[in-house]
Amino acid sequence: MDILLIIVITFLIAVLFSIMGLGGAIIYTPLFFWLGIPLLAAIPMALLLNMITTASASITYLKQMLVDKKIALPLILTSTFGAITGSYFASRIETRVLIILLSIILLFAALRILLFNNIGFMVKDGENKKILVGAGLAFIFGIISSLVGIGGGTFIVPLLLILGLETKNAVATSAFIITFTSLSGFVGHLVFATQTLDLNVLFYAGLTAFAGAQIGSKIIFKRVSPKVISRLFALFLLFMAAKLLYGL
């Protein structure tokens, strides 16, 4: 495993994904798997880097008062329990099944960005009911995210938009929520999984992810169109989904 390649990939992903309120695990997991890391080791590695990226970006977003804490806190609570549940089942499901599930999620994420990126409706119910619905869905998303190592921002951002948040607030709030979801999933995988992680790689990649997210959340967000980046990202997701399925 080339640690320099891991560091370069981590930096680029952290910069780009912090723009969209995501941590990059949806890219880290299949990339690490292709680089020869066992899937059940790639997933917790991706979740840890995802957590570092979103935590770094959240520092900036919290200072800018973009995080909606009232909505974030109940979603954090339920997605955390979901992530722990997902990590428990990950080591008990055949790797082939996990790869197929990951491929389906990559395909879904790509099509959502390309075809349904603009959310055209919002939940009209009262504030408490919206939060209750959001918390229930966050639990399900937490399970899926930790099960296949995708972080969860792919689901949380559109959910927050549907609940009525503005785009920038949805991005910032998603990053804040996913920080805790990814951390819970990572800890759960450490407890339940059997694969050994390369701590040296995690240390340097973690530092790189933090630095990249700081750059993405402070500078690039103001200069680059998130729409352009998201569509390029969608095409890359389609490519990865096809490659994963071809590898089976």
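Before moving on, here are some points about what is shown:
- Per-residue [θ]222 nm for the chain (sum of -39500 (n - 2.57) over DSSP H runs n ≥ 4, rounded to 500): -26500 deg cm²/dmol
- Computed packing ranks the peptides 68-77, 135-144, 53-62, 196-205 as 53-62, 135-144, 68-77, 196-205, most packed first, by mean other Cβ atoms within 10 Å.
- With R₀ fixed at 22 Å, the C-beta to C-beta distance from L115 to L12 puts the FRET efficiency at about 0.30.
- For K70, the aspartates and glutamates whose Cα falls under 18 Å of its own Cα, not counting residues fewer than eight places away in the same chain, are D125, E127, E166.
- Unit charges at the beta carbon, dipole of the stretch 3-247: most positive-side option, L199, L137, L165: L165
- Counting neighbouring beta carbons within 10 Å and listing from fewest to most, the residues Y88, Y246 come out as Y246, Y88.
- Charged-residue dipole, Cβ positions (Lys, Arg, Asp, Glu), the chain about Cα centre, Debye nearest 20: 600
- Just so you know, the Rg over Rh for the chain is 0.94, from Cα atoms, with Rh as the Kirkwood radius.
- Across the stretch 3-247, the relative contact order, built from alpha-carbon pairs under 8 Å that are at least six residues apart, equals 41 percent.
- Counting beta carbons within 10 Å around each of E94, E166 and listing the fewest first gives the order E94, E166.
- Using only alpha-carbon positions in the stretch 4-50, the gyration tensor eigenvalues give semi-axes of 17, 12, 7 Å once each is multiplied by 5 and square-rooted (largest first).
Values quoted throughout were computed directly from the atomic coordinates according to the rules given, and no laboratory measurement underlies them. Nothing here was measured: the structure is a model prediction, and the numbers come from that model. Cβ sites come from the backbone with ideal geometry, for glycine too, and all protein chains shown count toward neighbours.
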